[in-house]
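Only one structure is covered here, and it is reproduced in the block below.
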Amino acid sequence: MNDDGMHLRLLGRLELANGNGSVVLPGAVSRAIVGRLLLAGGAVVPRRTLIDDLWEERGAKDPVNALQVQVTKVRAALAAQGEGNRVLFRDGGYRFVLGPHDEVDTACFEAAVREGRAHLADGAHQLAADAFRRGLRLWRGRALDDVTGRVFDTERARLEDLRLSAVEEAAAAMLELGRAQEVIPELTALVAEAPLRERARSRLMLALYRCGRQGEAIEVYETGRRLLRAELGVGPSPELRALHAAILDHAPSLRVAAPTRPTAAGVPDAVRAAAERTDTAWAHAAAAGPRPEPASEVRPGTAEGNLGRALGPFVGRADDLRGLRETVGRERLVTVVGPGGVGKTRLAMEVCALAQPSYGGVWWVDLASADSASVLAAVAGALGLSDASVRPDQPPHDHLRRITSFLAGRRALLVLDNCEHLLDPAASLVAALLGPCAALTVLTTSRAPLAVAGEALYPLAPLPDDEAAELFTVRAAMIEPSFTADAADAGDIRSLCRALDGLPLAVELAAAHVRMLPVREIAARLDDRFALLTKGQRTAPARHRTLRAVLDWSYALLDAPEQRVLTELALYVGGCSVEAAEAAITLPGADGGDVLHVLARLVDKSLLTSVATPDGSRLRMLETVREYALDRLRESGGAERAEERFMAWALGFVREGTRRLTSGAQKEWAARLGAESANIRAASDLMIARSRAAMSLWLEARLGYYWAISGREEEGIDRLERSLRAYDAAAGGPAAEPTAEEERALVYTFAWLAWLKHVSGRHTEARSYIRRHEAVWHASTNPEMTVLGPCYQTLHATLNDEDDVPELVAKAEAILEGTGFHWQQSMLQGIWAAYCLQHGDLDGARRHGRNAEAAARAANGDFARAFSLTLCGDVDECDGLHEQARAQWEEAARIFRHIGARTRWAYCLLKLVCLDIGQGALPVAEERLAQVLRFADELSADDLRAAVSNLRGVLLFHRGRVPEARAVFGRVWDDTTSPPDRKAVAAIGMAVTAMADMPERTPPQESRIWADRAREVHTRLVAPLTRGAVGALLDRLDAYRASSGADRAAEAQRLYTWLASGRSVLAAFS
């Protein structure tokens, strides 16, 4: 860093720093004041202007006084770093004094752009590219990211436009250097970010063409042409049209000329001096702190991902930030390795925040609570891929395939945090992803390498003494605002941190005690503990002995209630809510309020952290602290009692949660069960370890409805089968005689496994569980099983497409009559409604659908009600009552979306699209399809994608754009991931489009070929409703092809409506 001046950064969050460190501005208003003054470039900003710009939306009774107060705070913050004379009052306003050695990143950026343009004009393409790159690397995120107001919005827009231009011009220089391949990723991202910028589009077209990808270049042009026409009502510019024509003609002018690379001797002195000044400014900026240095400097407009932002300032590690950022930008697999508590996670999070503008998305996966069997599910969940069921005709869920499909083609950064206990599965996953996902970068943190080919290790050492001391001071001041470190304290702090080996976790835990003890006494007490610990554990690694000493000492300073709460909370691998802690942990002679106070004290002492989530605050422990607390729990002799309380909490929580899932609080409790899923699994594992497999089975079986409505079928299958295997092993095999409690657990386990296996495409396995379910309930003497058994038997008969469904439904209905099993009644009536619909009994289907909806209302089950409404809409549509069907489906879609059942919501929207097309509401249909497609892409949901494509083909057909419709249907047919029913519909679409332009002639041979292909697929369809709908389409196709003469000509006029009209056809599309 240039110690003679300040570094003033506006290309990202506002930051001010000098040789003494960063200036910490005290709030949003103070940052806005400094930002506004810096925009003036050292000139005076009148007081009235400041008030108008900054208090326009904030409001203040006395804005002049408010401004003076805030300026005083700004001056105090600057003075703390020796810059007290920076903000002055002159001529009725304020100015920020800029010195000759100060560096403002916006000025450096604009200078680099000017330099790059000068080099570009002179034909010095390498120098131009270098200049643009240097300028672009100054960007750390959105300009002026943490200040708000109209004046900042205007300047932010100007800087952003200049950034986009710099990317375009840098690409132009690279193209002239013959480096087209290198700029394709950044230009692709830029076109996605700013699709109406024709310069970016033209450079991407040229880059693709020069890489031998002419087809893709033409597609980029066509996409832009359609977008310009749709958005602005205009066509491409003459320049873009000329480039398109040249690409089609393979014009020699598109070939790159031999690059010229001027030497230093050939560069004018003034230009060389300007370059040297820019290089010097960049070097100082690099020393001041890291910026992204990616292969592509393009920032997507709306980056994807789930990256959070850590609380509190990040202290020190400037070299590590820069080094790890460079390594991540250069390598595709990087592992940060180091001991527990050294700060791997926090460093990785900071680097990801810096790198985020360079990627299309950054996804963070915390594996601390995962085991080897759940790594793929954890990654899928973090990517948002955990709630898409497959249709009956699809193969079973394959998490790896879905993850690969999701990441392929994305410029993504995937972070796997805490891999040390999962080295084998993590390594296998990473190796499987890096091959097919060419634009993927993986960053992992671990105490040991993954040992994967191509892995770049980044060893993380403890903090140097001065940075550790700074960390101690900052954390101490956060805990005790009055804390200050004088010269004597500074020496003690450095000694203390040196004794702690600079481990950030140890430093932070020691800093937590400044409220009670002076620094010197903290250091003295810690030294005493070290001496004792060294004698007791000579074989432990030195760093682990030191960390253990800090934790030992911190634990010894807790009172008995604090120790008990800390050790019991260690059982909660996924953290817990405050309410759960209060409910599960009891203190002798205390009430719930006392537990809350203890929790607050543990947060104050940095042993717990409170994390804000969309569903409320949760308490978490660092994994190292949790492991230590578990050891203490076992050493105390209280582990058995604590584990009993933990298991009892899990049983009670799940019992209450599953009860509330069938109530008006379904959305809230689905979210709560999801948040506690890792803890429930830990309790289930504990039950198995304690030889209570039946208890574990009952715990997991109660969650069956949750797995179904949340779309987490695969997780439910895994957990149910794990508990079932443990039960079978303990009971001596499946034939063992169950107790009454075990019998109940088994009935629900087999019922849910049959259903979950069915919806995930494993029909053979589903039938095996159906057989086990029937064996248990038929042998049961439990009155409840006598009632519920026939109900589930009916469901299973429907899944197997058996012939005796009416008799079974009637029997089950008679048994359920007058009971309080409303949810089961809704399910049974829904089964009967679907059966009647499949067999053409619309009156019966409508009657039973309404009964199902009424029973769902009685059960307070939103999901069951929405499911019933969907069935009622299907019946009304088949009966030609389109408006009634629309009302039913719209209400079902609203409920599904409200409770978070997103996949069901998407399929409801597809049904509405069919109605929209049939009624001519094509713009509405287009918008709905766009919504579903975004969701399908988010989840890599193959069936939804294919369904959307088929309906888009119908939409294009209705608009008379037959060739485009044909191309869409063809892609569905060719796509190996398209399910059979979607392929059948696509083949019918191909047959119809083949005849669309020649109604007077004999149907072409191609149409017959496609019709035959559709029939062949139709014979393999499983779901009755879908099979019937595709059959109806084929019958209508045959009727059309058999028509002739005038009748045939009249029929041709109906080609543009027949795909989405008529009874019982919608199931083929939705």
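The values are calculated or read from the model by the stated rules, or taken from the named source; none is laboratory data. Quick caveat: nothing in here was measured; it's all calculated off a predicted structure. Glycine gets a Cβ as well: all are built from the backbone with ideal geometry, and neighbour counts include every protein chain shown.
For this structure, a couple of remarks:
- Matching option when the condition is surrounded by 24 or more Cβ atoms within 10 Å (Cβ to Cβ) and touching a Gly at 6+ places or on another chain (Cβ under 9 Å), among Leu746, Leu753: Leu753
- Against the list (1) more than 19 Å from Ile585 (Cα to Cα); (2) surrounded by fewer than 17 Cβ atoms within 10 Å (Cβ to Cβ), the condition Gly652 fails is (1).
- The range 312-326, residues that are touching a helix residue (DSSP H, G or I) at 6+ places or on another chain (Cβ under 9 Å) and either surrounded by fewer than 20 Cβ atoms within 10 Å (Cβ to Cβ) or touching a residue at least 40 places away in the same chain (Cβ under 8 Å) (or both): Gly312, Pro313, Phe314, Val315, Gly316, Arg317, Ala318, Asp320, Leu321, Arg322, Leu324
- Yes/no for Ala121 being of a type in the set (Gly, Ala, Ser) and either free of Cβ contacts under 8 Å to residues at least 24 places away in the same chain or out of contact with any helix residue (DSSP H, G or I) (no Cβ under 9 Å at 6 or more places or on another chain) (or both): yes
- The range 575-608 - residue that is small (Gly, Ala, Ser), farther than 17 Å from Leu630 by Cα and at pLDDT 80 or above and, of those, surrounded by the most Cβ atoms within 10 Å (Cβ to Cβ): Ala580
- The set of residues in the range 431-452 that are surrounded by 23 or more Cβ atoms within 10 Å (Cβ to Cβ) and of a type in the set (A, V, I, L, M) comprises Val442, Leu443, Leu450.
- Some residue of the range 406-419 being buried (at least 23 other Cβ atoms within 10 Å of the Cβ), over 18 Å from the mean Cα position of the chain (by Cα) and not in a helix (DSSP H, G or I): yes
- Here Ala930, Ala893, Ala906 are screened, and the one residue that is assigned to a helix (DSSP H, G or I), hydrophobic (A, V, I, L, M, F, W, C) and without any contact (Cβ under 8 Å) to a residue 12 or more places away in the chain is Ala930.
- The range 219-240, residues that are more than 21 Å from Asp161 (Cα to Cα), of a type in the set (A, V, I, L, M) and at pLDDT 85 or above: Val220
- Test for Ala257: is it part of a loop (DSSP other than H, G, I, E, B) and either at pLDDT 50 or above or not assigned by TED's automatic domain parsing to the domain that holds Leu190 (or both): yes
- Residue, surrounded by the most Cβ atoms within 10 Å (Cβ to Cβ), within the range 206-239, restricted to residues that are out of contact with any Asp or Glu (no Cβ under 8 Å at 6 or more places or on another chain) and under 28 Å from Arg142 (Cβ atoms): Ala207
- Only residues that are in a loop (DSSP other than H, G, I, E, B) and surrounded by fewer than 23 Cβ atoms within 10 Å (Cβ to Cβ) were counted in the range 335-359, giving 3.
- Candidates Ala600, Ala612, Ala642, filtered to the one that is in a helix (DSSP H, G or I), under 20 Å from Glu676 (Cβ atoms) and outside the structural domain of Ser374 (by TED's automatic domain parsing): Ala642
- The sole residue among Glu737, Glu765, Glu741 that is charged (D, E, K, R), in a loop (DSSP other than H, G, I, E, B) and surrounded by fewer than 21 Cβ atoms within 10 Å (Cβ to Cβ) is Glu737.
Here is a yes/no grid of residues against (1) assigned by TED's automatic domain parsing to the domain that holds Ser826; (2) over 21 Å from Trp707 (Cα atoms):
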position	(1), (2)
Asn851	yes, yes
Asn860	yes, no
Thr870	yes, no
Asp876	yes, yes
Gln884	yes, yes
Gln888	yes, yes
Arg894	yes, no
Trp905	no, no
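- The conditions of being under 30 Å from Ala166 (Cα atoms), in contact (Cβ under 8 Å) with a residue 24 or more places away in the chain and in contact with a Phe, Trp or Tyr (Cβ under 6 Å, 6 or more places away or on another chain) are not met by Gly99.
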